[in-house]
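**Q** Before I ask anything, here is the structure I am working with.
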Amino acid sequence: MNNYIELLKEFIRTDFKLRYKNSYLGIIWIVLKPLAMFSIIYLIWSNIMVMNADYKMGLLLGIMIMSFFSEAIMMGMDSLLTKSGIILKIKFPREITIYSAVTIALMDFAFNMIVFVIFSFFTPIHPTGIGLLLFLAAIVCIFVLTMGVSLFLSILYIRLRDIHNLIEVGVQLIFWATPIYYTLAMMPEKLQKIIILNPLTLIVTYARKGLITGDQVRLEDFLQMGIVFLVCCAILLLGTIFFKKKVSKIAEYF
Amino acid sequence: MDENKPIIQIRDLKKSFFLPHERHDSLVEFMSNPFRIFKPKGEQFTVLKDIDLDVYKGEFLGIMGRNGSGKSTLLKILAGIYEPTSGSVKVTGSVVPFLELGVGFNAELSGRENVFLNGIILGMSKDKLKKKYDEIVAFAELEKFMDMPLKNYSSGMQVRLAFSIAIMADADIYILDEVLAVGDVEFQKKCFDVFRNYKEQKKTVILVTHAAGSVKDFCTRAVFLKDGVFQVQGDVDEVIEAYNRG
């Protein structure tokens, strides 16, 4: 058990370090890159299309959450294959590779949040204690959700390499099926019913509500978040069961 | 631990792999039955069959056999990487497999970082690695190079570092896959000292090699594997003779 945690930490540390190895600015890129990327979006929406402040910050936060989602899923899916060299040579709990990949994506999200805080100096947001709690709950939900999906996809990917392309497109589809650029209210009623079924819709909605308009948070919001959390946990449970059942044979299919 | 009970017990082991045939489906063929991607055509290929083996504590077992005879598959099953198709494998105690030296080594990381990465993958704790770090470096004779990225190491240096980390791993059973022939003569001598040390400490070692000399020098018992079955089992000399005959 002790080694389990140490191995997880070592995988995270190594993979994180390797990304910015050999670049002059090194670790600074972690903040610099999202800062540059989101500045573009921010400037476009501030100058070309005049939008209200909450919408602008909501857009940034939405994109950040969705890029966590796609990064976590894609890296989680690839993680067994990228670590195949080790998997073929030594026995260790295979799920560590997925845990570390999704955690790295979460760390990237945390650095993106630094950028978000920088932008919030220019466009004020209204966080409250209870709002932050709702925001954190939303992030926990999406973390649990992506973990479950990644556990499932990582196994599938070994047997069926085609899904890499499929999921890439799928993640795009989910991005546009989630109210990031638009709000739910803009959509025709029929479409709203479909969009609300996407768990990311609620996650993004409540993350925004908690962080940007924290003064509007009600107790009912936590109740709904709780339901989303249960759904995410169920997905994680199913993913874990599927993973445990299939992983012992995975070394033969690399 | 009970001395009379085998530390490794293999009964009626069989391992076969699925060999898929080349996929040359056209789009039309695929459309006619899209579910076929879940059931590709192929055949079962049996690598190991009817394997029975008992290894006792303190034994130094040599496994000999030509390329493709199933040695590595057997080791991978013992290491828990592959699952047997049928039969049972019971291993009591901790295993450190050296199927390859430097598992997880990354060329971009420094020698120092790789010591910790590889060491933890081999199951050592970070504290222990910190304590043993100087010893590892001294054994590998790489004091000056530890902050250099591994990609700038010569292959000999990489192997030396990997071996020096590996021998720090503490286990009941060591599985070695042809790692004896590493480094120059001086370093090989040091490696052999380590093996002798294992023997004195009554560690259980399973060694796969083509070198009859090392089997003779170290092994208390040997098996000759051919076409997935044990042809000869027991006496070292008999096994070497059988191996030389092919």
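**Q** For the condition more than 14 Å from chain B (Cβ to nearest Cβ) and under 25 Å from residue B:105 (Cβ atoms), what is the one hit in A:63, A:27, A:40, A:44? Spell out how you get there, then give the answer.
**A** Numbers: A:63 fails: under 25 Å from residue B:105 (Cβ atoms); A:40 fails: under 25 Å from residue B:105 (Cβ atoms); A:44 fails: under 25 Å from residue B:105 (Cβ atoms).
One residue alone meets the criteria, A:27.
**Q** Let me ask another. Kindly provide the set of residues from region A:42-84 that are within 19 Å of residue A:211 (Cα to Cα) and of a type in the set (A, V, I, L, M, F, W, C), ordered by number.
**A** Of region A:42-84, the ones within 19 Å of residue A:211 (Cα to Cα) are A:42, A:51-69.
Within region A:42-84, A:51, A:53, A:57, A:59, A:60, A:61, A:63, A:64, A:65, A:66, A:68, A:69 meet the criteria.
**Q** If you don't mind, another one. The conditions are (1) touching a Phe, Trp or Tyr at 6+ places or on another chain (Cβ under 8 Å); (2) over 23 Å from residue B:236 (Cβ atoms), and residue B:98 fails exactly one of them. Which is it?
**A** Against the list (1) touching a Phe, Trp or Tyr at 6+ places or on another chain (Cβ under 8 Å); (2) over 23 Å from residue B:236 (Cβ atoms), residue B:98 comes up short only on (2).
**Q** Still on this structure, I have one more. Name the residues in region B:73-108 that are at the interface with chain A (Cβ under 7 Å from one of its Cβ atoms), within 10 Å of the chain's Cα centre (by Cα) and modelled with pLDDT of 90 or more, would you?
**A** From region B:73-108, those at the interface with chain A (Cβ under 7 Å from one of its Cβ atoms) are B:79-83, B:97, B:99-100, B:103-104, B:106, B:108; that's our starting set.
Filter again for within 10 Å of the chain's Cα centre (by Cα), leaving B:79, B:97, B:99-100.
The answer is B:79, and nothing else.
**Q** Give me a count of the residues in region B:185-220 that are assigned to a loop (DSSP other than H, G, I, E, B) and surrounded by fewer than 18 Cβ atoms within 10 Å (Cβ to Cβ).
**A** Filtering region B:185-220 for residues assigned to a loop (DSSP other than H, G, I, E, B) gives B:201-203, B:209-211, B:219-220.
Restricting the remaining residues to those that are surrounded by fewer than 18 Cβ atoms within 10 Å (Cβ to Cβ) gives B:201-202, B:210-211, B:220.
Counting residues in region B:185-220 that are assigned to a loop (DSSP other than H, G, I, E, B) and surrounded by fewer than 18 Cβ atoms within 10 Å (Cβ to Cβ) gives 5.
**Q** Same structure, new question: For residues that are more than 22 Å from residue B:187 (Cβ to Cβ), in contact (Cβ under 8 Å) with a residue 12 or more places away in the chain and not in a loop (DSSP other than H, G, I, E, B), tally how many sit in region B:120-139.
**A** Of the residues in region B:120-139, the ones more than 22 Å from residue B:187 (Cβ to Cβ) are B:120-121, B:123, B:125-128, B:130-131.
Applying the additional criterion that residues be in contact (Cβ under 8 Å) with a residue 12 or more places away in the chain yields B:121, B:123, B:128.
Still in the list and also not in a loop (DSSP other than H, G, I, E, B): B:121, B:128.
Looking only at that region, the number is 2.
**Q** Any idea which of A:87, A:28, A:5, A:40 is surrounded by 14 or more Cβ atoms within 10 Å (Cβ to Cβ) and modelled with pLDDT of 85 or more? Steps first, please.
**A** On the way: A:28 fails: surrounded by 14 or more Cβ atoms within 10 Å (Cβ to Cβ); A:5 fails: surrounded by 14 or more Cβ atoms within 10 Å (Cβ to Cβ); A:40 fails: surrounded by 14 or more Cβ atoms within 10 Å (Cβ to Cβ).
After ruling out the rest, the residue left standing is A:87.
**Q** Count, please, the residues in region B:140-157 that happen to be touching a residue at least 24 places away in the same chain (Cβ under 8 Å), in a helix (DSSP H, G or I), away from every other protein chain (no Cβ under 14 Å) and closer than 21 Å to residue A:18 by Cβ.
**A** 1
**Q** In region B:69-83, what residues are closer than 16 Å to residue B:55 by Cβ and part of a loop (DSSP other than H, G, I, E, B)?
**A** B:79, B:80
**Q** Within 14 Å of chain B (Cβ to nearest Cβ) and not aromatic (Phe, Trp, Tyr), is that true of residue A:159?
**A** Values: within 14 Å of chain B (Cβ to nearest Cβ): yes; not aromatic (Phe, Trp, Tyr): yes.
Yes; evaluated as a whole, the condition is true for this residue.
**Q** If you scan region A:87-115, which residues turn out to be in contact (Cβ under 8 Å) with a residue 60 or more places away in the chain, out of contact with any Gly (no Cβ under 7 Å at 6 or more places or on another chain) and away from chain B (no Cβ under 14 Å)? Break it down stepwise before answering.
**A** Here is the first cut: in region A:87-115, the residues in contact (Cβ under 8 Å) with a residue 60 or more places away in the chain are A:87-88, A:92-101, A:103-104, A:107-108, A:111-112, A:114-115.
Cutting the leftovers down to out of contact with any Gly (no Cβ under 7 Å at 6 or more places or on another chain) gives us A:87-88, A:92-97, A:99-100, A:103-104, A:107-108, A:111-112, A:114-115.
Within region A:87-115, A:95, A:99, A:103, A:104, A:107, A:108, A:111, A:112, A:114, A:115 qualify.
**Q** Then there's this: Taking residue A:90 as the residue in question, decide whether it is β-branched (Val, Ile, Thr), assigned to a loop (DSSP other than H, G, I, E, B), more than 19 Å from residue A:241 (Cα to Cα) and touching a helix residue (DSSP H, G or I) at 6+ places or on another chain (Cβ under 9 Å). I'd like the intermediate steps shown before the answer.
**A** Details: β-branched (Val, Ile, Thr): yes; assigned to a loop (DSSP other than H, G, I, E, B): yes; more than 19 Å from residue A:241 (Cα to Cα): yes; touching a helix residue (DSSP H, G or I) at 6+ places or on another chain (Cβ under 9 Å): yes.
Judged against the criteria, residue A:90 is a match.
**Q** Pick from A:206, A:182: which is outside any helix (DSSP H, G or I), of a type outside the set (Val, Ile, Thr) and within 29 Å of residue A:217 (Cβ to Cβ)? Show your work before the answer.
**A** On the way: A:206 fails: outside any helix (DSSP H, G or I).
One residue alone meets the criteria, A:182.
**Q** Just the residues that are more than 15 Å from residue B:66 (Cα to Cα) and in contact with a Leu (Cβ under 9 Å, 6 or more places away or on another chain), please, taken from region B:222-243.
**A** Residues of region B:222-243 more than 15 Å from residue B:66 (Cα to Cα): B:233-238.
Listed by number, the list holds a single entry, B:233.
**Q** What residue, of B:111, B:70, is within 24 Å of residue B:190 (Cβ to Cβ), away from chain A (no Cβ under 11 Å), crowded, with 21+ Cβ neighbours inside 10 Å and among the small types (Gly, Ala, Ser)?
**A** Values: B:70 fails: within 24 Å of residue B:190 (Cβ to Cβ).
Selected residue: B:111, the only one of B:111, B:70 that is within 24 Å of residue B:190 (Cβ to Cβ), away from chain A (no Cβ under 11 Å), crowded, with 21+ Cβ neighbours inside 10 Å and among the small types (Gly, Ala, Ser).
The values are calculated or read from the model by the stated rules, or taken from the named source; none is laboratory data. What you are looking at is a predicted structure, and each value in this text was computed from that prediction instead of being measured. With ideal geometry, Cβ positions are generated from the backbone for all residues, glycine too; neighbour counts draw on all protein chains shown.
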